[in-house]
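Here is the structure we will look at, set down as structure tokens.
The values are calculated or read from the model by the stated rules, or taken from the named source; none is laboratory data. Keep in mind that what you see is a predicted model, and the values were worked out from it rather than measured. Ideal geometry is used to build each Cβ from the backbone, glycine not excepted, and the neighbour counts take in all protein chains shown. Note: areas computed on protein heavy atoms with side chains; ligands, DNA, RNA excluded. Shrake-Rupley method; radii C 1.70, N 1.55, O 1.52, S 1.80 Å.
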Amino acid sequence: MKEFRRNILITGGAGFIGSHVIRRFINNYPQYRIINADSLTYAGNLANLEDVKDASNYIFVKADICNFELMQDIFHKYNIDSVIHLAAESHVDRSIKDPFAFAHTNIMGTLNLLEAAKRTWKNSEAVNGEYRNMFYHVSTDEVYGDLDFDGTLFTESTAYDPHSPYSASKASSDHFVRAYHDTYNLPIVISNCSNNYGSHQFPEKLIPLFINNIRHNKPLPVYGKGENVRDWLWVNDHARAIDVIFHEGKIRETYNIGGFNEWTNIDLIKVIIKTVDRLLGRAEGTSDNLITYVTDRAGHDLRYAIDSTKLKNELGWKPSLQFEEGIEITVKWYLENQKWLDNVTSGDYQRYYDNMYRDR
Ligand code: NAD
Ligand code: TYD
């Protein structure tokens with residue numbers, strides 16, 4: 001049997017960001033064996049990995065990170081030496097409706113993985129300055145709370161102040177990850193990233209939802225006045241940052257990842273409308289009347305903005321793509337992959353979505 005240099009467990013690899021990370025690692029590192037553990041919730045979709053599913057350095061395991069015994073079995077069976085942990089419940093609106101699911105997966109699931117790693121990696125000390133093991137926890141900028149419209153940015157030393165059940169569950173998991181280093185010496189690293197956009201994102205999130213709705217002449221539900229600000233980063237740039245941090249990040253460090261690319265929701269929505277209309281051959285302004293202001297999200301964070309200077313200065317990473325280019329590529333992908341959208345928006349999802357808006 002072929003010997004691999006590393007056996008990396010990537011959790012949540014069938015989701016949006018996870019599928020981009022999996023693809024990157026399979027293609028760029030044939031010397032690594034990639035084990036994708038994903039329970040395939042509504043957000044997990046093996047079609048996201050169709051192009052790499054037969055790679056000789058790739059194994060998919062349908063597994064729930066909340067099942068501790070199963071996680072231990074995976075560590076032993078595949079001789080796991082590193083983890084890149086992305087599996088999570090990830091949508092703020094769902095967390096407002098069902099906070100228990102978020103505590104369960106995001107906190108308990110992360111704790112299970114930490115404990116499985118701790119029990120398996122008996123000696124995680126560095127040899128000649130190199131760590132054999134690495135537990136990389138992928139987190140969000142939402143743990144920092146929100147900012148005023150005053151130009152300030154989240155840095156790695158900004159105090160945690162989560163506001164939604166989603167961000168509270170991610171903040172809690174971050175604390176557990178650091179505690180496993182400080183208490184048990186587990187080699188860990190954490191990154192906190194801003195909003196991602198790109199292909200294969202489940203269309204309950206703003207950008208794919210609105211592209212799909214514009215195409216089908218459906219209303220675009222803008223929460224509140226659309227004044228909230230997000231810092232958008234192309235998902236492939238996030239995957240590239242994860243690659244750099246995994247290989248060169250310092251143990252116990254935190255790295256913020258962001259695009260220095262702030263948009264109010266309403267300005268972003270106008271760009272999306274314009275791009276979709278143009279690519280569909282519609283006259284400019286055709287879909288403007290789809291904008292529908294609806295009741296604001298409870299606890300809606302005003303502004304997120306990331307300072308990723310540390311990642312740039314220490315590890316040389318910066319975003320590769322201008323936002324205008326990234327949005328063009330992204331809109332094209334969704335318009336050309338209507339079947340993918342139809343598959344993921346049928347059945348249970350449609351029922352959930354209809355109910356959500358009935359309750360508003
Ligand atoms: P996603 O919802 O698209 O995918 C989550 C994946 O995790 C799915 O494949 C799902 O099946 C899997 N999963 C969920 N519960 C599981 C469980 N109990 N066991 C095993 N697998 C399970 O999420 P995403 O947007 O790709 O986010 C990935 C990670 O990145 C998350 O940890 C999220 O907090 C973080 N993050 C996301 C963004 C963003 O803009 N999307 C930004 C910063 C950080
Ligand atoms: P979202 O994609 O859910 O990401 P997050 O809440 O993690 O930032 O939402 C991005 C922004 O868009 C956020 O300010 C909420 C807003 N939004 C809407 O106005 N309408 C919608 O239908 C959705 C899904 C989001």
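Taking amide hydrogens as modeled 1.01 Å from N in the peptide plane, which residues meet the under 5 Å criterion relative to F135, leaving out close sequence neighbours?
Answer set, sorted by chain and number: V83, I188, V189.
Based on the mean of other beta carbon atoms within 10 Å per residue, what is the order of 149-158, 100-109, 163-172, 15-24, most packed first? Spell out each step's value before the answer.
Details: 149-158: 14.1, 100-109: 19.6, 163-172: 23.1, 15-24: 25.3.
Answer by packing, highest mean first, reads 15-24, 163-172, 100-109, 149-158.
Show that you can apply the helix-only estimate: for the chain, add -39,500 (n - 2.57) for every DSSP H stretch of four or more residues, divide by all residues, and state [θ] at 222 nm to the nearest 500. Please list the in-between numbers first.
Details: 13 runs with 143 residues, N = 360.
About -12000 deg cm²/dmol.
What aspartates and glutamates does K310 reach when the alpha-carbon gap must be under 15 Å and sequence neighbours fewer than 8 apart in one chain are set aside?
D141, E156, E248, E253
Helix 265-279 versus the longest principal axis of the chain: what angle, 0 to 90°, nearest 10, using Cα atoms?
Value to nearest ten degrees: 80.
Calculate the dipole size of the chain relative to its Cα centre from +1 charges on Lys and Arg beta carbons and -1 charges on Asp and Glu beta carbons; express the result in debye to the nearest 20.
Values: 39 positive and 48 negative charges, 165 e Å.
Magnitude of the dipole: close to 800 debye.
At 1.4 Å probe radius, can you tell me the per residue accessible area of the chain in Å²? Please report the intermediate quantities before stating the final value.
On the way: 15550 Å² over 360 residues.
So the chain comes to 43 Å² accessible per residue, rounded to a whole number.
Count charges around N196 for me, please; just the other residues with Cβ under 13 Å from its Cβ, Lys/Arg as +1, Asp/Glu as -1.
-1
Using mean Cβ contacts within 10 Å as the protection proxy, how do 124-131, 33-40, 72-79, 273-280 order, highest first?
Numbers: 124-131: 10.1, 33-40: 24.0, 72-79: 15.8, 273-280: 17.9.
For the peptides 124-131, 33-40, 72-79, 273-280, the packing ranking is 33-40, 273-280, 72-79, 124-131.
Per the 1.4 Å probe, what fraction of the accessible area of the chain, in percent, lies on carbon and sulfur atoms? Before the final figure, lay out the partial values.
On the way: 7650 of 15550 Å².
Roughly 49 percent of what the probe reaches on the chain is carbon or sulfur.
What is the count of Lys pairs in the range 27-143 whose alpha carbons sit under 19 Å apart, if the two are 8 or more places apart or on different chains? Before the final figure, lay out the partial values.
Details: K53/K62; K62/K77; K77/K118; K77/K122.
Count of close lysine pairs: 4.
Top to bottom by accessible area (1.4 Å), largest first, where do R282, R132, R252, R94 land? List each step's numbers first, then the result.
Numbers: R282 60, R132 125, R252 85, R94 35 Å².
In descending accessible area the options line up as R132, R252, R282, R94.
Which order do C193, C66 take when ranked by solvent-accessible area (1.4 Å probe, heavy atoms of all protein chains), largest first? Display every interim value, and only then the final one.
Numbers: C193 5, C66 30 Å².
If we order C193, C66 from most to least accessible, we get C66, C193.
Could you tell me how many degrees, from 0 to 90 and to the nearest 10, lie between the Cα long axis of helix 110-120 and the main elongation axis, the longest principal axis, of the Cα atoms of the chain?
Roughly 20 degrees, rounded to the nearest 10.
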